[in-house]
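Notes follow the structure.
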Amino acid sequence: MILVTGAESNTGQRVIRRLDKQGYKFSVLVKDIKKAPDIKSSRIKYVEGELKKQGSLKKALEGVEHAFLLTSNTDNLVKLEKNFIDAAKESGVKYLVKYSALGADPDSRSVLLRRHGKSEQYLKDSGLRYAIIRPNIFMQNFVNYFGSDIRDERKIFLPLNKAKCSYVDVRDTARLIAKVITQNGHKKKIMDVSGPESLSCGDLAELFSNALGKKVTYEDIKPKEFKKRMSAAGVPDREAEEYTELYKLLSDGICEEVTDWVYKVTEKQPRTFDEFLDDNISFFLKKKSKSKK
(Lines give C-alpha, C1' and ligand atoms only; values in the text may rest on other atoms or scores of the structure.)
Protein backbone atom coordinates (compact mmCIF):
# COMPACT_ATOMS: atom_id res chain seq x y z
CA MET A 1 0.00 0.00 0.00
CA ILE A 2 1.12 3.56 -0.81
CA LEU A 3 0.32 6.66 1.25
CA VAL A 4 0.51 10.14 -0.30
CA THR A 5 0.65 13.38 1.71
CA GLY A 6 0.47 16.99 0.48
CA ALA A 7 -2.93 16.50 -1.15
CA GLU A 8 -3.65 20.24 -0.97
CA SER A 9 -0.65 21.14 -3.14
CA ASN A 10 -0.42 21.28 -6.94
CA THR A 11 2.33 18.67 -6.93
CA GLY A 12 0.47 16.37 -4.54
CA GLN A 13 -2.71 16.47 -6.60
CA ARG A 14 -0.79 15.74 -9.77
CA VAL A 15 0.88 12.74 -8.10
CA ILE A 16 -2.54 11.48 -6.95
CA ARG A 17 -3.98 11.73 -10.46
CA ARG A 18 -0.96 9.97 -11.98
CA LEU A 19 -1.08 7.06 -9.54
CA ASP A 20 -4.80 6.68 -10.13
CA LYS A 21 -4.37 6.83 -13.91
CA GLN A 22 -1.69 4.15 -13.70
CA GLY A 23 -4.09 1.84 -11.85
CA TYR A 24 -2.57 1.84 -8.35
CA LYS A 25 -4.64 1.52 -5.20
CA PHE A 26 -3.37 3.93 -2.54
CA SER A 27 -4.25 6.12 0.43
CA VAL A 28 -4.16 9.91 0.70
CA LEU A 29 -3.63 11.69 4.01
CA VAL A 30 -5.99 14.64 4.63
CA LYS A 31 -6.84 16.67 7.73
CA ASP A 32 -10.58 16.43 7.05
CA ILE A 33 -12.15 13.93 4.68
CA LYS A 34 -15.02 16.36 4.07
CA LYS A 35 -12.45 18.78 2.61
CA ALA A 36 -10.51 16.20 0.60
CA PRO A 37 -9.53 17.08 -2.98
CA ASP A 38 -12.25 16.58 -5.55
CA ILE A 39 -10.45 13.60 -7.04
CA LYS A 40 -12.79 10.64 -6.84
CA SER A 41 -11.79 7.08 -7.67
CA SER A 42 -12.44 3.59 -6.35
CA ARG A 43 -8.66 3.20 -6.14
CA ILE A 44 -8.18 6.16 -3.75
CA LYS A 45 -8.82 5.92 -0.02
CA TYR A 46 -8.76 9.19 1.92
CA VAL A 47 -7.60 8.82 5.53
CA GLU A 48 -7.64 11.50 8.20
CA GLY A 49 -4.47 12.52 9.99
CA GLU A 50 -2.23 15.46 10.79
CA LEU A 51 1.53 15.71 10.68
CA LYS A 52 1.50 17.36 14.11
CA LYS A 53 -0.41 14.43 15.64
CA GLN A 54 1.69 11.27 15.71
CA GLY A 55 -1.23 9.15 16.92
CA SER A 56 -3.24 9.95 13.81
CA LEU A 57 -0.20 9.30 11.63
CA LYS A 58 0.38 5.83 13.05
CA LYS A 59 -3.22 4.93 12.31
CA ALA A 60 -3.00 6.32 8.76
CA LEU A 61 0.25 4.43 8.15
CA GLU A 62 -1.08 1.01 9.15
CA GLY A 63 -0.28 -1.44 6.35
CA VAL A 64 1.59 1.19 4.33
CA GLU A 65 4.84 0.06 2.67
CA HIS A 66 5.69 3.12 0.54
CA ALA A 67 5.03 6.71 1.68
CA PHE A 68 5.40 10.08 -0.05
CA LEU A 69 6.12 13.03 2.26
CA LEU A 70 5.28 16.52 1.02
CA THR A 71 4.90 19.34 3.54
CA SER A 72 3.84 22.90 2.85
CA ASN A 73 6.41 25.65 3.42
CA THR A 74 5.77 26.27 7.12
CA ASP A 75 8.21 27.45 9.77
CA ASN A 76 7.74 24.15 11.65
CA LEU A 77 8.42 21.94 8.61
CA VAL A 78 11.29 20.11 10.31
CA LYS A 79 9.21 19.16 13.34
CA LEU A 80 6.27 18.00 11.22
CA GLU A 81 8.45 15.89 8.96
CA LYS A 82 10.28 14.37 11.92
CA ASN A 83 6.88 13.33 13.29
CA PHE A 84 6.02 11.63 10.02
CA ILE A 85 9.41 9.92 9.69
CA ASP A 86 9.19 8.60 13.26
CA ALA A 87 5.64 7.36 12.73
CA ALA A 88 6.63 5.73 9.43
CA LYS A 89 9.51 3.90 11.08
CA GLU A 90 7.36 2.68 13.97
CA SER A 91 4.63 1.55 11.56
CA GLY A 92 7.00 -0.56 9.49
CA VAL A 93 7.06 1.57 6.35
CA LYS A 94 9.71 0.12 4.04
CA TYR A 95 10.35 3.08 1.77
CA LEU A 96 9.87 6.83 2.21
CA VAL A 97 10.12 9.40 -0.59
CA LYS A 98 10.65 12.96 0.62
CA TYR A 99 9.85 16.05 -1.42
CA SER A 100 12.58 18.62 -0.84
CA ALA A 101 14.14 21.51 -2.79
CA LEU A 102 17.22 21.93 -4.96
CA GLY A 103 20.11 23.21 -2.84
CA ALA A 104 18.75 21.82 0.45
CA ASP A 105 21.49 22.03 3.09
CA PRO A 106 21.40 22.28 6.90
CA ASP A 107 23.93 25.12 6.63
CA SER A 108 22.36 27.00 3.73
CA ARG A 109 22.00 30.80 3.82
CA SER A 110 18.36 30.22 2.88
CA VAL A 111 15.91 29.45 5.71
CA LEU A 112 13.78 27.38 3.34
CA LEU A 113 16.75 25.29 2.19
CA ARG A 114 18.02 24.90 5.77
CA ARG A 115 14.69 23.44 6.83
CA HIS A 116 14.71 20.89 4.04
CA GLY A 117 18.38 20.13 4.68
CA LYS A 118 17.73 19.37 8.35
CA SER A 119 14.74 17.20 7.50
CA GLU A 120 16.73 15.34 4.86
CA GLN A 121 19.46 14.61 7.40
CA TYR A 122 16.92 13.27 9.90
CA LEU A 123 15.55 10.93 7.23
CA LYS A 124 19.04 9.76 6.29
CA ASP A 125 19.79 8.98 9.94
CA SER A 126 16.45 7.23 10.52
CA GLY A 127 17.44 3.88 9.06
CA LEU A 128 14.51 3.95 6.63
CA ARG A 129 15.07 3.23 2.96
CA TYR A 130 14.51 6.53 1.22
CA ALA A 131 14.67 8.67 -1.90
CA ILE A 132 14.79 12.47 -1.87
CA ILE A 133 13.33 14.54 -4.71
CA ARG A 134 14.83 18.04 -5.04
CA PRO A 135 13.05 19.99 -7.79
CA ASN A 136 14.48 23.16 -9.27
CA ILE A 137 12.41 26.35 -9.60
CA PHE A 138 9.08 25.61 -11.30
CA MET A 139 8.14 27.02 -14.67
CA GLN A 140 4.64 27.47 -13.25
CA ASN A 141 5.96 30.34 -11.10
CA PHE A 142 5.76 32.43 -14.26
CA VAL A 143 1.98 31.98 -14.14
CA ASN A 144 1.37 31.89 -10.39
CA TYR A 145 3.64 34.74 -9.28
CA PHE A 146 5.10 36.65 -12.24
CA GLY A 147 2.41 36.15 -14.86
CA SER A 148 0.51 39.43 -14.54
CA ASP A 149 3.71 41.44 -15.11
CA ILE A 150 4.42 39.56 -18.32
CA ARG A 151 0.80 39.66 -19.48
CA ASP A 152 0.08 43.31 -18.59
CA GLU A 153 3.47 45.03 -18.86
CA ARG A 154 5.41 42.66 -21.13
CA LYS A 155 8.19 42.61 -18.55
CA ILE A 156 9.95 40.04 -16.39
CA PHE A 157 10.94 41.50 -13.03
CA LEU A 158 13.45 39.28 -11.18
CA PRO A 159 16.62 39.90 -9.10
CA LEU A 160 18.76 37.45 -11.07
CA ASN A 161 20.92 39.64 -13.31
CA LYS A 162 22.60 37.22 -15.78
CA ALA A 163 22.31 34.07 -13.64
CA LYS A 164 20.83 30.99 -15.30
CA CYS A 165 18.35 28.45 -13.97
CA SER A 166 17.27 25.05 -15.31
CA TYR A 167 13.55 25.55 -14.62
CA VAL A 168 11.42 22.41 -14.40
CA ASP A 169 7.75 21.85 -15.20
CA VAL A 170 5.80 20.66 -12.14
CA ARG A 171 4.09 18.07 -14.36
CA ASP A 172 7.44 16.38 -15.02
CA THR A 173 8.31 16.41 -11.33
CA ALA A 174 4.97 14.78 -10.47
CA ARG A 175 5.50 12.18 -13.20
CA LEU A 176 8.91 11.34 -11.75
CA ILE A 177 7.53 11.10 -8.18
CA ALA A 178 4.77 8.73 -9.27
CA LYS A 179 7.43 6.46 -10.76
CA VAL A 180 9.81 6.64 -7.81
CA ILE A 181 7.15 5.92 -5.17
CA THR A 182 6.02 2.77 -7.01
CA GLN A 183 9.49 1.34 -7.61
CA ASN A 184 12.00 -0.31 -5.29
CA GLY A 185 15.28 0.52 -6.99
CA HIS A 186 16.01 3.98 -5.62
CA LYS A 187 17.53 3.23 -2.23
CA LYS A 188 19.32 6.24 -0.71
CA LYS A 189 18.92 8.25 -3.90
CA ILE A 190 18.99 12.06 -3.94
CA MET A 191 17.55 13.39 -7.18
CA ASP A 192 18.23 16.99 -8.19
CA VAL A 193 15.46 17.47 -10.72
CA SER A 194 15.70 20.03 -13.52
CA GLY A 195 14.35 20.85 -16.93
CA PRO A 196 16.38 20.22 -20.11
CA GLU A 197 18.00 23.67 -20.46
CA SER A 198 19.58 26.38 -18.35
CA LEU A 199 18.16 29.82 -19.13
CA SER A 200 18.98 33.38 -18.14
CA CYS A 201 16.22 35.95 -17.74
CA GLY A 202 17.36 37.42 -21.05
CA ASP A 203 16.79 34.00 -22.64
CA LEU A 204 13.33 33.85 -21.06
CA ALA A 205 12.42 37.29 -22.38
CA GLU A 206 13.33 36.13 -25.89
CA LEU A 207 11.27 32.94 -25.54
CA PHE A 208 8.27 34.92 -24.28
CA SER A 209 8.67 37.44 -27.12
CA ASN A 210 8.72 34.69 -29.74
CA ALA A 211 5.75 32.87 -28.21
CA LEU A 212 3.56 35.95 -27.76
CA GLY A 213 4.58 37.75 -30.92
CA LYS A 214 5.14 40.83 -28.77
CA LYS A 215 8.33 42.22 -27.26
CA VAL A 216 8.95 41.08 -23.68
CA THR A 217 11.92 42.52 -21.78
CA TYR A 218 13.75 41.63 -18.61
CA GLU A 219 14.28 44.20 -15.88
CA ASP A 220 16.73 43.32 -13.12
CA ILE A 221 15.36 44.46 -9.77
CA LYS A 222 16.64 44.68 -6.20
CA PRO A 223 15.67 42.01 -3.65
CA LYS A 224 13.47 44.52 -1.76
CA GLU A 225 11.47 45.21 -4.91
CA PHE A 226 11.17 41.46 -5.56
CA LYS A 227 9.76 40.91 -2.07
CA LYS A 228 7.28 43.73 -2.61
CA ARG A 229 6.11 42.16 -5.85
CA MET A 230 5.78 38.72 -4.25
CA SER A 231 3.62 40.21 -1.50
CA ALA A 232 1.50 41.98 -4.12
CA ALA A 233 1.01 38.59 -5.81
CA GLY A 234 -0.60 37.31 -2.61
CA VAL A 235 2.37 35.54 -1.02
CA PRO A 236 2.34 35.90 2.82
CA ASP A 237 5.07 38.20 4.18
CA ARG A 238 7.10 35.41 5.80
CA GLU A 239 7.14 33.36 2.63
CA ALA A 240 7.88 36.41 0.50
CA GLU A 241 10.93 37.09 2.67
CA GLU A 242 12.06 33.47 2.38
CA TYR A 243 11.63 33.41 -1.41
CA THR A 244 13.60 36.65 -1.64
CA GLU A 245 16.38 35.04 0.38
CA LEU A 246 16.26 32.00 -1.92
CA TYR A 247 16.46 34.12 -5.07
CA LYS A 248 19.62 35.75 -3.74
CA LEU A 249 21.19 32.29 -3.96
CA LEU A 250 19.75 31.78 -7.45
CA SER A 251 21.58 34.92 -8.52
CA ASP A 252 24.80 33.18 -7.43
CA GLY A 253 24.09 30.38 -9.92
CA ILE A 254 23.12 27.51 -7.59
CA CYS A 255 20.29 26.40 -9.92
CA GLU A 256 22.14 26.38 -13.25
CA GLU A 257 22.92 22.67 -13.53
CA VAL A 258 20.91 20.53 -15.95
CA THR A 259 20.29 16.97 -14.73
CA ASP A 260 18.77 13.92 -16.43
CA TRP A 261 16.75 12.41 -13.57
CA VAL A 262 13.40 12.95 -15.29
CA TYR A 263 14.51 10.99 -18.34
CA LYS A 264 16.38 8.30 -16.35
CA VAL A 265 13.33 7.53 -14.20
CA THR A 266 10.40 8.14 -16.56
CA GLU A 267 12.10 7.46 -19.92
CA LYS A 268 10.55 10.69 -21.21
CA GLN A 269 12.32 13.98 -21.79
CA PRO A 270 11.25 16.85 -19.51
CA ARG A 271 9.32 19.70 -21.10
CA THR A 272 11.23 22.66 -22.49
CA PHE A 273 10.27 26.20 -21.54
CA ASP A 274 8.91 26.63 -25.08
CA GLU A 275 6.56 23.69 -24.48
CA PHE A 276 5.46 25.18 -21.17
CA LEU A 277 4.68 28.45 -22.96
CA ASP A 278 2.69 26.63 -25.66
CA ASP A 279 0.54 25.00 -22.98
CA ASN A 280 -0.06 28.29 -21.14
CA ILE A 281 -0.16 30.77 -24.01
CA SER A 282 -3.81 31.72 -23.44
CA PHE A 283 -2.98 33.01 -19.97
CA PHE A 284 -0.25 35.33 -21.24
CA LEU A 285 -2.40 36.58 -24.12
CA LYS A 286 -5.27 37.71 -21.90
CA LYS A 287 -6.21 41.36 -22.12
CA LYS A 288 -4.55 43.74 -19.70
CA SER A 289 -6.08 44.04 -16.26
CA LYS A 290 -8.00 47.29 -15.77
CA SER A 291 -6.16 47.88 -12.52
CA LYS A 292 -3.33 46.29 -10.53
CA LYS A 293 -3.61 45.96 -6.79
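The values are calculated or read from the model by the stated rules, or taken from the named source; none is laboratory data. This is a predicted model, so every value here is computed, not measured. FYI the Cβ positions are ideal-geometry reconstructions off the backbone, even for glycines, and counts take in every protein chain you see. Calculation scope for accessible area: heavy atoms of the full protein, side chains included, ligands and nucleic acids excluded. Shrake-Rupley method; radii C 1.70, N 1.55, O 1.52, S 1.80 Å.
A simple spin-label model places pseudo-atoms 7 Å from Cα toward Cβ; at N141 and F283 they are separated by 1.4 nm. Projected label points at Y263 and K222, each 7 Å from Cα along the beta carbon direction, are separated by 4.3 nanometres. Ranking of M191, M1 by solvent-accessible surface, largest first: M1, M191 (1.4 Å probe, protein heavy atoms only, all chains present). Across the stretch 41-108, the volume of the C-alpha convex hull divided among the residues equals 115 Å³ per residue. Past 31 Å, Cα to Cα, is the threshold; run K45/K227; K34/K118; K45/K124 against it and keep the listed order. Beyond 31 Å: K45/K227; K34/K118. The E90 and I190 beta-carbon pair, evaluated with R₀ = 22 Å, returns a calculated FRET efficiency of approximately 0.35.
Ignoring ligands, DNA and RNA, please state the percent of accessible area on the chain from carbon and sulfur, probe 1.4 Å. Here carbon and sulfur together make up 45 percent of the probe-accessible area. Label point of E62 set 7 angstrom out along Cα-Cβ; within the stretch 81-123, amide nitrogens under 18 Å from it belong to 87-94. Taking the charge dipole of the chain about its Cα centre, with +1 at Lys and Arg Cβ atoms and -1 at Asp and Glu Cβ atoms, the residue from S119, G63, G6 reaching farthest to the positive side is G63. Taking G234, G195, G92 in turn, the Gaussian network model of the chain (Cα-Cα springs below 10 Å) assigns the largest fluctuation to G234. Each residue of the stretch 138-149 is assigned a 3J(HN,Hα), and the resulting list reads 7, 4, 4, 4, 6, 9, 5, 10, 10, x, 5, 5 Hz, derived from the Karplus form 6.51 cos²θ - 1.76 cosθ + 1.60 (θ = phi - 60°), x at Gly and Pro. Applying both filters, DSSP loop and at most 12 other Cβ atoms within 10 Å, to the trypsin sites (Lys or Arg not before Pro) of the stretch 201-260 gives K214, K215. Cysteines in the chain lacking any other cysteine Cβ under 4.7 Å from their own Cβ: C201. Output the 0 to 90 degree angle, nearest 10, between the alpha-carbon long axis of helix 170-180 and the longest principal axis computed from the alpha carbons of the chain. Roughly 20 degrees, rounded to the nearest 10.
For the chain, adding -39500 (n - 2.57) for each run of n ≥ 4 DSSP H residues and dividing by the number of residues yields -12500 deg cm²/dmol at 222 nm. Springs between Cα atoms under 10 Å define the GNM used for the chain, and in it the highest mean-square fluctuation of S56, S166, S194 occurs at S56. Taking a threshold of 29 Å on the Cα-Cα distance, which of the pairs K222/K264; K25/K59; K188/K228 fall above it? In this structure, K222/K264; K188/K228 exceed 29 Å between Cα atoms. Excluding ligands, DNA and RNA, the accessible surface per residue across the chain is 49 Å² with a 1.4 Å probe.
With a ≥ b ≥ c taken as the square roots of the eigenvalues of the C-alpha gyration tensor of the stretch 96-191, please select rounded if a/c is under 1.5 and otherwise prolate if a/b is larger than b/c or oblate if it is not? Oblate, because a/c is 1.5 or more while a/b does not exceed b/c.
The angle between the Cα long axis of helix 10-21 and the main principal axis of the chain comes to about 60°, on a 0 to 90 degree scale.
Cross-link reach is defined here as a Cα-Cα straight distance under 20 Å, omitting same-chain residues fewer than 8 places apart; for K52 the aspartates and glutamates meeting it are E8, D32, E62, D75, E81, D86, E90, E120.
Let's test the formula: R0 of 45 Å, r as the Cβ-Cβ distance of K45 and L212. What FRET efficiency results, to the nearest 0.05? Efficiency computed from Cβ-Cβ geometry: 0.55. Against the main long axis of the alpha-carbon atoms of the chain, helix 111-125 sits at an angle near 30°.
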